[in-house]
Amino acid sequence: MTNSVTNTLRLLGAGLRALLVLTLVTGVIYPLVVTGVAQALFHNKANGSEIKADGKVVGSSLIGQSYNLPLKKGQETPDADLKWFQGRPAGGLGSNSLNTRYKLILSGATNLAADSGAVHGTCPAEPADGTLCAQVVSARAAVVKDNSVAGYTVKPSQVPADAVTSSGSGLDPAISPQYADLQVHRIAARNGLSVAAVEKLVEDHTQGRALGFIGEPRVNVLELNIALKDLVARK
């Protein structure tokens, strides 16, 4: 009986010591080491890839933002603020009343198949509501209308895919150089800038493929709009 109690106490003691040691190693030491290494070697990424303007954090280079006008009375969907470069359509679900910069509580793809609403592999002129074709046709018409200004008319064939479709996350922070170029004349007209100056802005903020061969060239919309704001302030 005495041996049994002694063995039980010994096992309990060993278990408690193991618990304390593992808690210290995995719950304190390891997180501190990983956090320290991340802060020392990958400070920007470890802190959310923050983007600052005028000394304040205005967003993340990994999350897209919307650039819309305030809602009008009775309006459910805000109009785009066309003095700014616009990103890809957002595919988020739901809303968030706490974070007013990112109103999407969830994000994700539309989950609509590539042939949703298509007839013989092609989107008809008037596709059925709720289909991917309907979304694309509507978005393309808006892009053509919004970016056609005096002396520059956008053709439907010029509209790139990323201008009318959301990404898999629904919050893509970047657009293609083609979509950025398509917006240059509108941006110049709305902000009283020369087309050449805005073209140079897009060129300076166009990032190439990662390691020279991974992905596609892209333009971070938030960084581009921050540079646009600075350019307008200097004119």
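The values are calculated or read from the model by the stated rules, or taken from the named source; none is laboratory data. Not measured: the values here are computed from a predicted model. Neighbour counts run over all protein chains shown; Cβ positions are idealised from the backbone, glycine included.
Just the residues that are at pLDDT 95 or above, crowded, with 19+ Cβ neighbours inside 10 Å and in a loop (DSSP other than H, G, I, E, B), please, taken from region 138-177.
Hits for region 138-177 are Val154, Val159.
Is region 186-203 home to any residue that is on the phi > 0 side of the Ramachandran plot, surrounded by fewer than 16 Cβ atoms within 10 Å (Cβ to Cβ) and not basic (Lys, Arg)?
Yes, because at least one residue in region 186-203 is on the phi > 0 side of the Ramachandran plot, surrounded by fewer than 16 Cβ atoms within 10 Å (Cβ to Cβ) and not basic (Lys, Arg).
Across region 204-235, what is the total count of residues that are outside any loop (DSSP other than H, G, I, E, B), touching a residue at least 12 places away in the same chain (Cβ under 8 Å), basic (Lys, Arg) and surrounded by fewer than 17 Cβ atoms within 10 Å (Cβ to Cβ)?
1
Being over 20 Å from Ile51 (Cβ atoms), of a type in the set (Asp, Glu) and at pLDDT 95 or above is the filter here, so list the residues in region 195-235 that pass it.
Glu199
Return the pair list, or none, for Cβ contacts closer than 6 Å from residues in region 161-188 that are among the polar types (S, T, N, Q) to residues that are not in a loop (DSSP other than H, G, I, E, B), at least 6 apart or on different chains.
Cβ pairs passing all conditions: Ser176/Asp162; Gln183/Asn147.
Can you confirm whether region 49-69 contains a residue that is at pLDDT below 85, surrounded by 14 or more Cβ atoms within 10 Å (Cβ to Cβ) and more than 26 Å from Ala174 (Cβ to Cβ)?
For region 49-69, residues at pLDDT below 85, surrounded by 14 or more Cβ atoms within 10 Å (Cβ to Cβ) and more than 26 Å from Ala174 (Cβ to Cβ): absent.
Every residue in region 119-136 that is crowded, with 19+ Cβ neighbours inside 10 Å and assigned to a helix (DSSP H, G or I), please.
Selection gives Leu132, Cys133, Gln135, Val136.
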